[in-house]
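All remarks here apply to the structure that follows.
Rule-based calculations on the coordinates, nothing more; no lab input. Keep in mind the model is a prediction, meaning the values are calculated, not measured. Because the Cβ atoms are built from the backbone with ideal geometry, glycine has one as well, and the counts that use them run over all protein chains shown.
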Amino acid sequence: MIRMLATAAVLVVAVASTTQAQTAFSERYDAASGFHPDQPHWVMSGSGTGALVDGKLIISTTSDGQDRVYWQTIPAAPSPVAGPLIVEARLKFVSGSSSHAERAPVRFHITTAPDTGVQFFVDRDRIFLTQAPFGSGSLVAAFADTDDGFHTYRIEVSGSAVNVSFDGAPALSGETYVDPDHGSVGRVLWGEGSGLAHGVSEWEFFRHNAGCDMPCQDEAAEVQQLIQDLQDQILALTQQYQQLAARNGTLESENDALLQQIASLQDELIACLQQPAGPVQALAHTLLGEPPTAAVIVVLAAETRAEIDQAIAAFGTDHRRIRVAERHYAAGLAAQAAGRRVQARREFRAAFQTAHMLLEGRRHTH
């Protein structure tokens with residue numbers, strides 16, 4: 001016996017959509033993840049093919065003798081879940097045919113207790129629930145445009161009552177029934193699983209809220225773990241940032257202190273150059289034979305470079321050490337201008353140490 005059911009009103013659709021949005025699924029396969037169902041948690045069987053194309057799982061069989069299904073055991077009755085057992089999938093019927101009215105190219109098979117369950121099929125422009133063992137002709141069916149695009153199919157099993165919605169709108173109502181074909185353990189199966197049908201279907205996702213006996217992924221727990229992992233990563237990065245900021249602050253302080261020392265020595269030497277009794281030419285002759293002190297002037301008295309050149313010329317040709325110190329200072333200025341603080345500090349320190357040593361040598365000889 002086949003009963004044809006009409007589409008529900010828009011108000012009912014809104015209520016169904018709200019309920020759907022609140023469902024916490026314990027297992028979900030998403031084709032956009034790039035993995036096949038049997039790579040995460042499902043068992044695959046059959047000689048048909050399953051291919052991932054553009055974020056969709058394409059299940060294909062070319063003859064009634066082929067099938068391609070994915071299944072997973074679930075806790076069996078009397079109470080698989082606290083509320084209704086919900087199975088939901090989004091798919092598109094592409095093509096196919098069957099050689100028997102009680103079978104179709106897309107199959108959902110739910111076993112809720114030993115030898116007890118229900119089967120749901122998607123055919124071209126038709127969906128139906130089986131209501132008795134195969135061959136009895138007992139179906140609950142409805143017309144639906146299954147091949148015009150992707151649609152969401154939702155099956156709710158509460159006790160023995162079974163309700164199916166199509167894109168949020170109630171479409172079918174039936175009951176579970178006893179049949180050895182359901183098997184002795186709780187199970188959810190989906191794909192192309194009939195020896196009397198074949199075809200092609202595209203799947204975006206499949207999910208249920210029943211948990212599973214085999215290792216499986218709890219969606220809520222996964223989200224909580226992801227949140228915890230992200231929080232741990234944020235904390236670690238924050239600590240690294242604080243450590244780097246502290247080290248950077250130390251380097252800046254050392255660099256500032258070094259620059260202050262250089263500036264102080266520079267001021268001292270510039271003041272020496274500005275003494276009325278010691279013009280540059282006279283100072284050059286006074287310092288003749290003492291290239292270390294001349295090196296200090298070259299390195300640190302940049303404001304009087306023209307006069308420094310005159311002083312250097314008075315020393316003759318023996319000023320290799322002067323040029324070495326000068327290069328350190330020039331390199332420090334260039335590194336500082338380029339933002340390379342560590343290199344600038346190293347060059348300034350070399351210039352400062354040379355200048356300091358030479359200056360001390362000058363003072364001890366007078």
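Remarks
- Under 5 Å between amide hydrogens, built in the peptide plane, is the criterion, and for residue 48 it picks out 67, 68 among residues at least 5 positions away or on other chains.
- 5 angstrom amide H check on residue 106, placed H, neighbours 5+ away: 122
- Karplus (6.51, -1.76, 1.60) ³J(HN,Hα), θ = phi - 60°, over the range 93-107, in Hz, Gly and Pro reported as x: 6, 9, 6, x, 7, 9, 9, 8, 5, 9, 9, 8, x, 10, 10
- Between 42, 32, 122, the Cα set farthest toward the positive side of the dipole of the range 31-138 (charges on each charged residue's Cβ, about the Cα centre) is that of 32.
- Model label points for residue 99 and residue 45, set 7 angstrom from Cα along the Cα-to-Cβ axis, are 2.1 nm apart.
- Label-point separation in nm, residue 148 to residue 178, each point 7 Å along Cα→Cβ: 4.3 nm
- Amide H to amide H, with H built 1.01 Å from N, residue 116 comes under 5 Å of 179, counting only residues 5 or more places away or on other chains.
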